[in-house]
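The structure appears below as structure tokens.
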Amino acid sequence: MTVVYPRKTHSGMNARDILKQVVRDREIHWITLNRYRYNEQRSCKDLTNLIELINGQPPELARDLSRHVSDEARHALWLTELLVELGADIGTPPGISYIDEFERLIDQQTYQQEGRLEDGVIAALASINVTEKRGCEYFAAHLHALKDAPQTPENIKIRDTIARIFPEEVGHVRWGNRWLAQMAKKSPQHKEKVERAKRQYAAIEQAAYEAGMDIMAGAELRRLNNLLEVADTMPLWERPQYLMERLPETLLSPELQLTRLNVAQRAWERDPQIFMEKFVPMFLNGLKR
């Protein structure tokens with residue numbers, strides 16, 4: 001079976017590069033932790049929706065998904081307690097939401113058609129698997145960055161919390177791999193469906209991830225390229241409608257423009273000179289990608 005791993009961004013940065021910078025800035029560090037909390041919290045709702053969709057069949061999957069919900073809720077609690085103790089904000093994180101963008105790119109209507117329940121379950125398992133891999137990549141990079149950061153009481157508390165979560169997230173990836181392999185063994189047709197779902201959701205996850213990371217000039221065209229990559233994983237007859245429904249928001253995203261303005265404003269308020277010398281050239285450099 002195909003093994004799918006998270007890819008770097010268009011800028012060539014990987015999770016370690018990003019987290020190395022994150023832990024140096026207290027404000028960004030806390031926002032990142034709050035994004036972890038928000039994602040864990042939201043995943044509980046998405047997993048619960050899947051449990052209701054399968055309606056108890058197969059029972060083993062319903063049981064495993066219920067355990068998964070319990071784990072994610074516990075992770076959200078640990079992160080919430082950490083952020084409250086640090087005095088950090090636990091409201092909806094600023095910027096483009098990874099989960100919202102992920103869900104926008106999913107073709108959910110296709111799997112709601114009669115007789116497509118099993119296809120929907122395969123898609124959901126592939127979706128969970130690829131997002132859990134991204135989470136593991138980030139938690140591992142975060143722990144690595146904290147080893148090299150000043151060993152302040154605050155950083156030690158953050159490291160200990162992430163270290164509690166990380167092994168369980170690794171277990172979720174292994175669980176997803178097992179279920180996808182089990183589905184693929186049913187028949188050659190099932191194997192083909194699993195492989196297609198893994199390719200499709202890897203492309204969707206990459207597009208959602210980069211949408212939240214890339215606010216530089218030219219981001220709209222890079223978002224369009226990622227959308228086309230997602231469409232390429234679909235049957236030819238499904239592509240036109242998929243693209244037509246998502247092209248407007250991809251090219252004219254209000255969230256992208258608002259995030260740009262907020263980031264620029266914060267950078268200016270911090271240091272106008274650095275804003276002109278570093279932020280503006282960095283923003284315009286996006287056109288070269």
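Annotations for the structure displayed:
- Of the residues HIS68, HIS75, the single one that is buried (at least 18 other Cβ atoms within 10 Å of the Cβ), closer than 19 Å to LEU125 by Cα and modelled with pLDDT of 95 or more is HIS68.
- Segment 91-105 - residue that is crowded, with 18+ Cβ neighbours inside 10 Å and of a type in the set (Val, Ile, Thr) and, of those, modelled with the highest pLDDT: ILE99
- Scanning segment 143-190 for residues that are among the small types (Gly, Ala, Ser) and either surrounded by fewer than 16 Cβ atoms within 10 Å (Cβ to Cβ) or under 23 Å from ILE31 (Cα atoms) (or both) yields ALA145, ALA149, ALA163, GLY171, ALA181, SER187.
- Residues that are among the aliphatic types (A, V, I, L, M), open to solvent by 90 Å² or more (accessible area, probe 1.4 Å) and in a helix (DSSP H, G or I), drawn from segment 230-289: LEU236, MET244, LEU258, LEU261, MET276, MET282, LEU284, LEU287
The values are calculated or read from the model by the stated rules, or taken from the named source; none is laboratory data. All values derive from a computational prediction rather than experimental measurement. Glycine gets a Cβ as well: all are built from the backbone with ideal geometry, and neighbour counts include every protein chain shown. Surface accessibility is based on the protein's heavy atoms, side chains included, excluding ligands, DNA and RNA. Shrake-Rupley method; radii C 1.70, N 1.55, O 1.52, S 1.80 Å.
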